[in-house]
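One structure below.
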Amino acid sequence: MKKKTIWTIAFIMGMSFLALLFMQLEYIKEMARMKKEQFDELVKSSLSQASRNLELNETLRYLEKDVSDQKRKSTKKDSVMVSVNINDSASQQVHNLAQGNGPTYSSFEMKTEQFNPSTASKAMILISDKNSLDQASKSMEEIVRNRYVYQKALLDRVIMTILRSASEIPLKERVNFKQLDQDLKSELYSRGIKLPYHFTVHSQDGSEVYRCPDYDDKGEEYTYEQEIFPNDPGNKTGVIHIHFPDMDNYIYSSVKFIIPSLVFLVVLLITFIFTIYVIFRQKKFSEIKNDFINNMTHELKTPISSISLAAQMLNDDSLAKSPSMLKHVSGVISDESKRLRFLVEKVLQMSMFDRKNAVFKKKELDLNEMLENAAHSFQLRVEHTGGKIDVDIEAIDSAIFVDEVHFTNMIFNLMDNAIKYRKPDKPLNLMLHTWNEKDRLYFSIEDDGIGIKKDNLKKIFDKFYRVHTGNVHDVKGFGLGLAYVKTIVDLHDGDIKVESDYGKGTKFIISLPAIIES
């Protein structure tokens, strides 16, 4: 499948997942908003009713007080007093009625008593048995009218008392805060809000009058207000401030059933992204594998062809078999066999490291000596290009604990790469350098070859990866050399980094634990 097709499918599916995720989030947001609006309405309704109850309770207290006062006055009188004087100013007088040694009635009791014809005929007015039915009816209507006027006057007096004296009482004494708390809880519970709340009461000038004992300022940013005694003079009113610490939990509890589906959607999105990553990675490995097979075929074909040609020469009876010719042919066969074995072993070595079957035989060696030997081995190849090798030995503590074969092969691989990737038709100069830094031993191999582009630097240690130089086969190899180097360094508890300036050269720096002699 082409990359373009994979990217198209990935884009369509990715956008679909993101659109679905966006819709889910918007749905949750909309449900939370609706729940918040509903919550606001319920709280405001509860506060309004609690404020109204506060005024009603105050009115009832004044009515009860008036009843108590009238009872106390009625008990001090021995005779029946009837005094009704209702004028335009709605003034109130007191009626007392006594019948012999019977009970006495306060004016409030007489005015609030449910009308009973038999009682009224005994307590208020005597109707002669000789009067006609029409006269009795008129008398009853008059009594009811008088009672209505009297009760209205009584309520007017209570209202005047409230207006005159109640608003003069300080807000702290005027409000029963315990009763207010109970009213708030009752009104909220009746509307389905069973959340803990905290409230304060402030006067109109902003000074705090009351604060609930367990007050907590958590959630204070969402505070609801309600004016109390709104019909009083402006400077005599108060304000209730209430907030709910767990309001967010209450609002989002209605959408919590959507959260699992949202989590599964995110998991699916992550899985999809990971799948696309694996697909591209496998495609990359497939391309690398194909390149490796092509390179390996090309690399193996040359020694096989040479060996096959030498064998044909030996089997050709028409050719004279002189000792010099036989020596030359046998030398070709030996050299190409070694080259073929080296290529096969290189692949097998990496396979062993992949299976973690490689066995190291570590021993103490001198790094300075190893680099000098490697420089001596590559001297002829470098001088053949017209260049030279410089060895700068600065390390004092140069002892390391490594596997001699693998570590030597690692150094040879780095130097062999420097020769392979030199500038065409230009001399190659190599610099080998060792030094100590704290408890680490460093060495570097630097060349002035073609260098490596920045885009390729992070990939050069990948197995089978080769930096392309135009023609795939202009540089021999499988792309295993630097992967092998990285593996050996890691297995020796070392670090490797590369510095390269394209067109100017490359420098490999390796650090290893040093053996410090005390």
Report yes if some residue within the range 1-8 is surrounded by fewer than 14 Cβ atoms within 10 Å (Cβ to Cβ), outside any helix (DSSP H, G or I), among the hydrophobic types (A, V, I, L, M, F, W, C) and modelled with pLDDT of 50 or more; otherwise report no. yes
Residue among Val498, Val489 that is within 41 Å of the chain's Cα centre (by Cα), at pLDDT 80 or above and within 15 Å of Phe412 (Cα to Cα): Val489
Out of the range 481-508, which residues are closer than 21 Å to Val402 by Cα and outside any helix (DSSP H, G or I)? His492, Asp493, Gly494, Asp495, Ile496, Lys497, Phe508
Go through (1) modelled with pLDDT under 80; (2) open to solvent by less than 100 Å² (accessible area, probe 1.4 Å) and name the single condition Thr75 misses. (2)
Quickly run through the range 212-224 and pick out the residues that are outside any loop (DSSP other than H, G, I, E, B) and either touching a residue at least 40 places away in the same chain (Cβ under 8 Å) or over 17 Å from Ser45 (Cβ atoms) (or both). Tyr224
I'm trying to understand the selection: among the residues of the range 388-431, which are assigned to a helix (DSSP H, G or I), aliphatic (A, V, I, L, M) and open to solvent by 70 Å² or more (accessible area, probe 1.4 Å)? Val405
Scan of the range 241-278 for residues that are touching a residue at least 40 places away in the same chain (Cβ under 8 Å), open to solvent by less than 70 Å² (accessible area, probe 1.4 Å) and more than 22 Å from Pro196 (Cβ to Cβ), ordered by number: Ile258, Ser261, Leu262, Leu265, Val266, Leu269, Phe272, Ile276
Would you be able to say whether some residue in the range 164-173 is β-branched (Val, Ile, Thr), surrounded by fewer than 17 Cβ atoms within 10 Å (Cβ to Cβ) and in a loop (DSSP other than H, G, I, E, B)? yes
So how many residues does the range 175-189 have that are touching a residue at least 60 places away in the same chain (Cβ under 8 Å) and of a type outside the set (D, E, K, R)? 6
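So that you can scan it fast, the table gives a plain yes or no per residue for (1) farther than 21 Å from Leu512 by Cβ; (2) modelled with pLDDT of 90 or more:
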{"site": "Asp354", "(1), (2)": "yes, no"}
{"site": "Val359", "(1), (2)": "no, no"}
{"site": "Lys363", "(1), (2)": "no, no"}
{"site": "Glu369", "(1), (2)": "no, yes"}
{"site": "Arg381", "(1), (2)": "yes, no"}
{"site": "Gly386", "(1), (2)": "yes, no"}
{"site": "Asp397", "(1), (2)": "no, no"}
{"site": "Val402", "(1), (2)": "no, no"}
{"site": "Ile411", "(1), (2)": "no, no"}
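Criterion first (open to solvent by 20 Å² or more (accessible area, probe 1.4 Å), in contact with a strand residue (DSSP E or B) (Cβ under 8 Å, 6 or more places away or on another chain), within 21 Å of Phe39 (Cα to Cα) and in a loop (DSSP other than H, G, I, E, B)) does Asp181 satisfy it? Please lay out each step first, then the result.
Values: open to solvent by 20 Å² or more (accessible area, probe 1.4 Å): yes; in contact with a strand residue (DSSP E or B) (Cβ under 8 Å, 6 or more places away or on another chain): yes; within 21 Å of Phe39 (Cα to Cα): yes; in a loop (DSSP other than H, G, I, E, B): no.
Spelling it out, it is not the case that Asp181 is open to solvent by 20 Å² or more (accessible area, probe 1.4 Å), in contact with a strand residue (DSSP E or B) (Cβ under 8 Å, 6 or more places away or on another chain), within 21 Å of Phe39 (Cα to Cα) and in a loop (DSSP other than H, G, I, E, B).
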Would you check which residues across the range 432-443 are surrounded by fewer than 18 Cβ atoms within 10 Å (Cβ to Cβ) and part of a strand (DSSP E or B) and list them? Trp435, Asn436, Glu437, Arg440
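Could you tell me which residue of the range 225-240 is nearest to the chain's Cα centre (by Cα), considering only residues that are open to solvent by 40 Å² or more (accessible area, probe 1.4 Å) and under 15 Å from Ser46 (Cβ atoms)?
Looking at the filtered set, the residue picked out is Glu225.
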Residues located in the range 314-332, provided they are within 19 Å of Ile304 (Cβ to Cβ) and either modelled with pLDDT under 80 or surrounded by 11 or more Cβ atoms within 10 Å (Cβ to Cβ) (or both): Leu314, Asp316, His328, Val329, Ser330, Gly331, Val332
Pairs under 9 Å by beta carbon, first residue open to solvent by less than 90 Å² (accessible area, probe 1.4 Å) in the range 374-387, partner of a type in the set (S, T, N, Q), six or more apart or different chains? Ala374/Thr408; Val382/Asn429; Gly387/Asn429
In the range 184-211, which residues are part of a loop (DSSP other than H, G, I, E, B) and crowded, with 17+ Cβ neighbours inside 10 Å? Ile193, Tyr197
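The values are calculated or read from the model by the stated rules, or taken from the named source; none is laboratory data. Source: prediction; values computed, not measured. Virtual Cβ from ideal backbone geometry, glycine too; neighbours counted across all protein chains shown. To get the accessible areas, we keep the full protein, side chains included, count just its heavy atoms, and leave off ligands, DNA and RNA. Shrake-Rupley method; radii C 1.70, N 1.55, O 1.52, S 1.80 Å.
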